[in-house]
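No lab work stands behind these numbers, since they all come straight from the coordinates. Bear in mind the structure is a predicted one, so any value in this text is a computation, not a measurement. Because the Cβ atoms are built from the backbone with ideal geometry, glycine has one as well, and the counts that use them run over all protein chains shown.
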Amino acid sequence: MCPNIENIFEIVKKEVDISILQEYDWIDDILDGGLIRRQLASHILYEIPMTVACSQYINFKILKKVLILNHPDDMKINIETGIIGFKRQAIDIIWSKNSKCSNDYENLFRSEEVAGVEHFADDLTEGKFTFPTIYAIDVLKDQDVYNIVIQRPKDIETRRKCVKILQENGTKNYCLNVIKEFYTKLLEKTEKIGQNAFVKKTLDFFMNFDYLK
């Protein structure tokens with residue numbers, strides 16, 4: 001039985017909306033004390049109770065839509081995906097509390113012009129020990145980077161200083177090489193599977209961002 005494609009698109013769109021609202025706002029922004037997510041975080045605009053209630057309401061609306069598809073594996077996939085999401089968030093919280101939190105290259109090395117002053121390297125403001133900063137601290141033994149991260153700097157000058165250190169000590173190039181290595185491995189896997197033009201196009205799209213050049 002082939003599910004209605006319009007219903008699938010509607011569910012996917014709602015899944016994206018709820019992942020932004022629930023996973024990031026409810027768990028990440030609230031627990032990290034984050035104030036901004038592109039604009040003001042939802043829990044700042046609408047307060048925590050409304051944000052949590054709204055996210056749960058949408059979540060159950062999605063489950064209702066999944067039942068309408070009437071396909072045996074739909075509910076199983078939806079629930080398993082949700083469990084993986086919450087496990088990932090729990091690990092992120094544990095790593096953060098222990099000063100080890102793998103995150104993204106893009107947050108630190110995206111240009112200030114693109115990110116804007118408020119969002120430029122804002123993982124530093126949240127005190128996150130991301131993949132680049134962990135490499136600089138654990139492998140390169142860079143004490144300056146550690147001192148900046150634990151300060152949770154809100155001023156732009158300190159964040160600029162940290163990014164400059166990461167560029168000059170080789171951290172940026174190291175992280176970029178790791179990303180390119182994973183990109184190559186993903187391409188090899190998609191070629192083995194075959195008929196994945198969309199996946200390759202998506203990978204190429206992400207690899208063409210300015211901060212990856």
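Of note:
- Gain on full stretching of the segment that runs from residue 61 to residue 73 - 0.36 nm per residue minus C-alpha separation: 2.5 nm
- Net lengthening on full extension, residue 200/residue 156 (0.36 nm per residue, minus Cα-Cα): 12.2 nm
- Taken over the Cα atoms of region 106-173, the convex hull encloses 72 Å³ per residue.
- Region 106-173, relative contact order [Cα under 8 Å, separation at least 6], %: 34 percent
- What you get for region 106-173, charging only the Cβ of Lys and Arg (+1) and of Asp and Glu (-1), is a dipole of about 140 debye around the Cα centre.
- By other beta-carbon atoms within 10 Å, ranking 54, 162, 175 with the fewest at the front produces 54, 175, 162.
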